[in-house]
1. Please find, within region A:267-301, the residue that is farthest from the other protein chains (Cβ to nearest Cβ) out of those that are outside any helix (DSSP H, G or I) and polar (S, T, N, Q).
2. Return the total of residues in region A:74-91 being open to solvent by less than 20 Å² (accessible area, probe 1.4 Å) and basic (K, R).
3. Would you tally the residues in region A:354-402 being among the aliphatic types (A, V, I, L, M) and either in a loop (DSSP other than H, G, I, E, B) or in the same structural domain as A:G458 (by the TED database) (or both)?
4. Condition first: in a loop (DSSP other than H, G, I, E, B) and within 12 Å of chain B (Cβ to nearest Cβ). Now tell me which residues in region A:239-254 satisfy that.
5. Would you confirm whether or not region A:326-340 contains a residue that is within 16 Å of ligand 1 (Cβ to nearest atom), under 18 Å from the mean Cα position of the chain (by Cα) and within 30 Å of A:L264 (Cβ to Cβ)?
6. Which residue, of A:D279, A:D245, is among the charged types (D, E, K, R) and on the phi < 0 side of the Ramachandran plot?
7. Go over the candidates B:V34, B:V79 one by one and state the one that is in a strand (DSSP E or B) and either touching a residue at least 12 places away in the same chain (Cβ under 8 Å) or not assigned by the TED database to the domain that holds B:V17 (or both).
8. Are any of the residues in region A:470-485 of a type in the set (D, E, K, R), open to solvent by less than 10 Å² (accessible area, probe 1.4 Å) and over 27 Å from A:G182 (Cβ atoms)?
Amino acid sequence: MSADFDTPHWDTDVLVIGGGLAGTWAAIAAAREGARVILADKGYCGTSGVTATAGPGHWWVAPEHREAAVADRQKRSLGLGDPDWMARILDLTWTSLPQLARHYAFSTDEQGRVQYRGLRGPEYMRAMRAFALEAGATILDHHPALELLTDADGVVTGAAGVALRGERPWTIRAGAVVLATGGCAFASRLLGAATNTGDGLLMGAEAGADLSGMEFTNYYTPMQAGTNMARSMSFAFARWFDEADDELDIPAGPDVSPHLARALLKGRLYCRLDRIPQDIREVMPQVQPNFVRPFARMGVDAYAERFEVTLVSEGTVRGIGGLRVTDTLCQTAAPGLFAAGDAASRELVTGAISGGGAVNSSWALSSGQWAGQGAAAFARGRAAKAGERLRHIGQAGLRPTSRSAGVDLLAAVQVVRHEMGAYDRNIFRTGAGLEASGERLDDAWREIAAHAGGWGRGLLRAREAAALVAAARWSKASALQRRESRGMHRREDASGLDPRLASRQRSHGLDRVVTRFEAISLENASLEAVA
Amino acid sequence: MIEVVIDDRCGGCGACVDVCPSDVLARGPGGKAVIARQADCQTCYLCELYCPEDALFVWPETDRVAGVTAQQALATGDVGGFRRDSGWDEHAATHTNQHWRMGAIFERARLMAIDAADTARTEDGRTS
Ligand SMILES: Cc1cc2nc3c(=O)[nH]c(=O)nc-3n(C[C@H](O)[C@H](O)[C@H](O)COP(=O)(O)OP(=O)(O)OC[C@H]3O[C@@H](n4cnc5c(N)ncnc54)[C@H](O)[C@@H]3O)c2cc1C
Ligand code: SF4
Ligand code: SF4
């Protein structure tokens, strides 16, 4: 990809890749430090990503209750969390959300108290876009990044991608880069996740970053069959039925998904929402306006009739794994490269259980700001080397190692969707199953690395397929090595916690995937004893 | 999946073309919106929210083109329903954002589940 006269080229201090919750906060924080900021999103900053279609409730805890909240969360993190990081995101969430009041119309309750905890997705991201623009960031919509650039020393110095309108390549030279590309939904049809294909994980790994917690990729959410409406609130009231309309004995609670998955492995699964009280039904369209659309349009009376449901895999979105941050400003192991939001591992604040429902959005908001600050500081400290040649470091999907040839990308994506989605593959895991998945994914990787490439949108699709396969391989390898069941990671052939594995697991590597457990801390070992 | 642009409603403002996260829509002849890459649609409904004319209709099925016509869309009675319930633009006064009630709703569900479990336990006690 040599630059020609048609290639738009920009210079900036901080480049933020991804414009969801984490990316917009990163852009704002970097701009506040005085940095020139460009934010590039694959879609449109304001509608793309999972924040925009959801309604994130934050970890919003008054100062006097924070110590208890952290202690509780730390216990539930099953040895993988870090109380200092938990306290940090609680503090920053509390001071950050009220700053949005100029752009988001916060509601008040019956007593007139302003409600900051939960924000509705489309309005939240519309506000974040306005906030980022106000802070001085330049936003490039429909500008997916495809690869990172480094200087001669391997320090990350920008990115290159394609502008979808006109399908023209772009390059941006930057003093530092923030990856805020969201989680990887492994091509499941999770609401809002179509652009979240793990690109940031692959780009980061090529630059020398490593990952952590990639075994925690098996959080599933029920939704009406055939749709993508993974809003979970109403299902908290659900009763579940098999095809013969016999009610299933599935207790309500946060851990229903494995029960539902077992039922789905036997046959069709149905749901009734008839326990939802009348007053909630009436207000539902104004609480979650998207949730009611499928019913309204398909003529289903959701509160009276049964309807068919399936589970959708959320990958690392309401799963956990991602790029490992190495310091308090969220720098990765690659110099000049920072990670935030779902693109980063959330083990520090969630441990081995999902951060959906509160912790994830607080993490996105906080890690975004730290990464933005860190990137601004890093960029300030760099001597400008004008005219220096930058290296384009992207490989699989961009630069085939042998003859470029037609690769069936849809088939490769389907392998990922199946291996990372099928209940008997990804919820109920076994060593043999993980090995078999790993082999199929290795084949897909070899094929893509050797032959895939393209132009314009086609190049983006090839790169997305490479990223999906890469992320799935880190996940399977990590799950194989964690021979125990911890949090959402469930091994049918190794039930229960193994105290020797009470630590986080890193992964890296492209053609050859490597994983390694961190040294176990004494504190975790003793926590294990009480768990 | 996005199914139709209701042509006689579209005013050609281009908002949906700009905001679609999957770059599905484009400006057609005369500036009106057209569905250019339907297979890329991720069924997020957000184009509807940004369309001031309620000229777009998304069908909830994600995996196939259902072939909904403008007439069929209008017959559902829900064209523009998402924007209305969201209280955007002219609906702001009548459809306020009640999203903040989510926490309390989850709590109601939790308490109901505890109640149900208690009842079940008591009944078990009686039968055994
Ligand atoms: C249905 C649902 C409900 C949820 N509810 C809650 C909740 O109540 N509480 C809670 O704490 N958490 C919740 N979560 C999780 C929470 O929404 C996420 O953790 C958080 O929004 C992540 O923000 P993000 O910025 O990291 O990712 P996203 O918002 O997904 O943004 C990622 C962005 O990166 C862009 N991108 C991807 N690849 C590229 C590329 N190559 N180049 C440029 N841009 C790229 C995407 O287009 C996207 O805009 C929920 C998640 C879902 C799916
Ligand atoms: S539903 Fe979403 S992805 Fe589909 S056309 Fe509308 S905005 Fe685009
Ligand atoms: S937003 Fe509505 S009115 Fe504007 S171009 Fe799109 S369909 Fe037409």
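The values are calculated or read from the model by the stated rules, or taken from the named source; none is laboratory data. Treat the numbers as computed from the prediction; the structure is a model and nothing was measured. Cβ atoms come from the backbone with ideal geometry, glycine included; neighbour counts cover every protein chain shown. In case anyone asks, the SASA skips ligands and DNA or RNA and just uses the protein heavy atoms, side chains included. Shrake-Rupley method; radii C 1.70, N 1.55, O 1.52, S 1.80 Å.
1. At the first step, the residues of region A:267-301 found to be outside any helix (DSSP H, G or I) are A:267-277, A:288-292, A:299-301.
Checking which are polar (S, T, N, Q) leaves us with A:288, A:290.
Values: A:Q288: 7, A:N290: 6 Å.
The qualifying residue farthest from the other protein chains (Cβ to nearest Cβ) is A:Q288.
2. 0
3. Keep residues of region A:354-402 that are among the aliphatic types (A, V, I, L, M), which gives A:358-359, A:364-365, A:371, A:375-377, A:379, A:383-384, A:386, A:390, A:393, A:396, A:398.
Subsequent filtering for residues that are either in a loop (DSSP other than H, G, I, E, B) or in the same structural domain as A:G458 (by the TED database) (or both) retains A:358, A:383-384, A:386, A:390, A:393, A:396, A:398.
So the answer is 8.
4. Initially, region A:239-254 is screened for residues in a loop (DSSP other than H, G, I, E, B), giving A:243-246, A:248-254.
Selection gives A:D249, A:I250, A:P251, A:A252, A:G253, A:P254.
5. Start the filter on region A:326-340 by keeping residues that are within 16 Å of ligand 1 (Cβ to nearest atom), which leaves A:330, A:332, A:337-340.
If we keep only those that are under 18 Å from the mean Cα position of the chain (by Cα) as well, we get A:330, A:332, A:337-340.
Among the residues that remain, those that are also within 30 Å of A:L264 (Cβ to Cβ) are: none.
No, there is no match, as no residue in region A:326-340 is within 16 Å of ligand 1 (Cβ to nearest atom), under 18 Å from the mean Cα position of the chain (by Cα) and within 30 Å of A:L264 (Cβ to Cβ).
6. Details: A:D245 fails: on the phi < 0 side of the Ramachandran plot.
That would be A:D279, the only listed residue that is among the charged types (D, E, K, R) and on the phi < 0 side of the Ramachandran plot.
7. Numbers: B:V79 fails: in a strand (DSSP E or B).
The match here is B:V34.
8. Yes: one or more hits.
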